[in-house]
Each structure stands twice: as C-alpha cells, then as structure tokens.
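Nothing in this text is a laboratory measurement; each read-out follows from the coordinates by a stated rule. Predicted, not measured: the structure shown is a model, and the values here were computed from it. Note that each Cβ is placed from the backbone with ideal geometry, even for glycine, and that neighbours are counted across all protein chains shown.
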Amino acid sequence: MASKRPTDRLSRFFSGVAEHTFQTELGVVDPPLVDYLSRLLLRFVRHDLVAPLDSSGRRLSDLEEMLREATFRLGDAQRKIHCQIGDFALFWAGIFPESLRARSGMDETTFQQYCAHGSRAYRVASRMEPHDSAQPSSDLLDRLAERFELCALGLREVRREWERNDDAEGGVGGSLLK
C-alpha cells in the first residue's frame, strides 16, 4: 500500500520526473546522479535546509558568505560545506535562475558565477575523502562538477514539469501535498 504522507508523494514525484527528464530528454543515464538531484529537491522543499549554518549557528543565505565560511572549516566539515555550496548553487541555477538575475539587478553573469562556484565546490569536495558513509561519494561529486550546467538545465525541466502538474491539479502543490 502506498504511503499517503506528503513527503512520500513528493519524493516519488521528484524521483520520477528527474529520472524521466535526465534519461529521456537529456540522455543522461546515471542513476546515482539523478537520485542525488531528486533528494536535493526533496531536501530543499524545507526552506530552512536550503542554506547551511555557520560555526556560530547563523543561517548563511548568500553564496559569498558560504565561500568565506568554507575557508574556516577543516576535514569533514569542510567537505560538507563545499557539498552544500554546490547544492545551493545548483538549486538556484537550476530551479530559480530568474531569481539570480532579479537580485540587486544582477545579470546573466551571476548565473555563470553560480555555475562556476557550484562546480568548483563540488570539485573541491570530490578531492576530500568522506569519513561518513552518508556523504556523497567523491566520484558522484566529480560528475556533478563536470556536468553542473547540464544538471541545472535538467532541474529547470523538472521545475517545468512540476509547474505543469501544479496547473493540472489546480494550485500550489496540487495533489502532491495532500
């Protein structure tokens, strides 16, 4: 019997749409990468998980703040924040690229900066061995770095699909959140 919890429905939706988008539309057959991206979407549904905390517990909501914070971290904490920087940049570049242009009159170069910083953050994290098996593998992070803009494009397509679903269901969240 299928669970009726909203997160279960949303998880199945993101998994299905991401798999279809990446495999069928973009020709990317990489299940671990697609699974990572669908989990990223599910994780970022909670607004408080979009941005990491600094060492004092303050929420970092700006990419530059995150990059500065990364210089103060060591070991697993440094790897983790670089993964979070990559995730943050990928989420905004993929799901809400228009917001990057809308912030303080920023232009297309902001999108490119997010792509560059996100790709570099994944690459840096990929060069550090995880000490926790729950962290993404170095190989996966390397593929995210290499295919950052393709992943952002795929996430934009996922957004279009959820907007189509939302329109068909008559409002915010449609049947996914019921």
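Below is a table of values for the structure above.
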| item | result |
| --- | --- |
| Sequence-distant residues sharing a close amide H with residue 28 (under 5 Å, placed H) | 23 |
| J(HN,Hα) series, segment 39-45, from Karplus relation 6.51 cos²θ - 1.76 cosθ + 1.60, nearest Hz, glycine and proline x | 5, 4, 4, 5, 5, 7, 4 |
| Cβ-Cβ FRET estimate between residue 7 and residue 163, R0 fixed at 22 Å, reported to 0.05 | 0.65 |
| 3J(HN,Hα) from dihedral phi, segment 16-27, Karplus parametrisation 6.51/-1.76/1.60, rounded to Hz, x for glycine, proline | x, 5, 5, 4, 4, 4, 6, 7, 7, 7, 9, x |
| Extension gain (nm, one decimal) between residue 142 and residue 42, 0.36 nm per residue minus Cα-Cα | 33.8 nm |
